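Right, one structure below, let's go through it.
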Amino acid sequence: MATRIKSFFFQNSTQMIMLGILLGALPCCSQVKYFFYSGDQEQYAQIDRYYQQGAYQQSLERCAALIAGYPGSPLYAQSLFYAGLNSVHLHFSDDDYTSARRYFQQVIEKVPNSPLADQSAAWGAVLSRLQRVKQDALNSEEQGRRCRQTQDEKDRDIVKLKTETEKLKKEIELLKKVDLQIHQQKRDITNAGKQ
């Protein structure tokens, strides 16, 4: 029996060593994939090149390709972060930073241990604050417009009331004259009747 156990381990020792090496290498298997295939690195190089050239739309498209094609890539967080930066540049003129905030939020949620998580949180906070300030400005502008409209309406009403007041004053003057004439005629009739 001892020889059988001894022969089992001796015959399988090579297999056991290989199994040990494979088990020891498991934690870095995800990195092995990137050692042999660097498609994500090529994508990332394009992202960076387009971004540096100011071609933000092309850079964003490359970000989307890397994010979709290499979700386990060590460059995943950087791609999300670049996507956020590209979105900021693309939407600077229209102040719509919703997509940029979404990319920065994904860095925080999907890769919380990334060194870019803090920067993403800062960008998200700044863009949220900017969006609130913009909304407050729009609300103030709308309120001002309504006040101007209300003031314009009030001004029109004032002009209309002044016009009506002038008409009424003229009518009152006319009625006073008519009333004076009626009183004068009554006096004349009364004086004529007394004579």
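Throughout, read-outs are computed from the coordinates displayed, never taken from laboratory work. Computed from a predicted structure; not experimentally measured. We place every Cβ from the backbone using ideal geometry, glycine too, and count neighbours over all the protein chains shown.
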Quiz item: With each pseudo-label sitting 7 Å past Cα toward Cβ, what's the Lys134-Arg187 distance in nm, one decimal?
Solution: 7.9 nm
Quiz prompt | Net length gained if the chain between Arg156 and Glu141 were fully extended (0.36 nm per residue, minus Cα distance) | solution = 3.2 nm
Exercise. Work out the FRET efficiency for Gln52 and Asp94 from their Cβ-Cβ distance, taking R0 = 35 Å, and round it to the nearest 0.05.
Key: 0.90
Quiz item: How high is the FRET efficiency from Asn113 to Ala68, r the C-beta distance, R0 22 Å, rounded to 0.05?
Solution: 0.50
Quiz item: How far is the Cα center of segment 92-137 from the Cα center of segment 46-61, in Å?
Solution: 19 Å
Quiz item: What is the order of Asp152, Asp95, fewest Cβ neighbours within 10 Å to most?
Solution: Asp152, Asp95
Quiz item: In Å and whole numbers, how far do the C-alpha atoms of segment 33-140 stretch along each principal axis, longest first?
Solution: 58, 29, 18
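Give, rounded to the nearest 20 debye, the magnitude of the charge dipole that segment 71-177 has about its Cα centre when Lys and Arg contribute +1 at Cβ and Asp and Glu contribute -1 at Cβ.
My answer is approximately 560 debye.
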Quiz item: Applying the Karplus parametrisation 6.51 cos²θ - 1.76 cosθ + 1.60 with θ = phi - 60° to the phi angles of segment 139-148, what ³J(HN,Hα) value in whole Hz is obtained for each residue in order, glycine and proline being reported as x?
Solution: 5, 5, 4, 5, 5, x, 4, 5, 5, 4
Quiz item: What aspartates and glutamates could a cross-link reach from Lys110, if we take a straight Cα to Cα line under 16 Å and drop same-chain neighbours fewer than 8 places away?
Solution: Asp118
Practice problem: Please report Lys177, Lys194 as a ranked list, fewest other C-beta atoms within 10 angstrom at the top and most at the bottom. | Solution: Lys194, Lys177
Quiz item: Applying the Karplus parametrisation 6.51 cos²θ - 1.76 cosθ + 1.60 with θ = phi - 60° to the phi angles of segment 57-64, what ³J(HN,Hα) value in whole Hz is obtained for each residue in order, glycine and proline being reported as x?
Solution: 5, 5, 4, 5, 5, 5, 4, 4
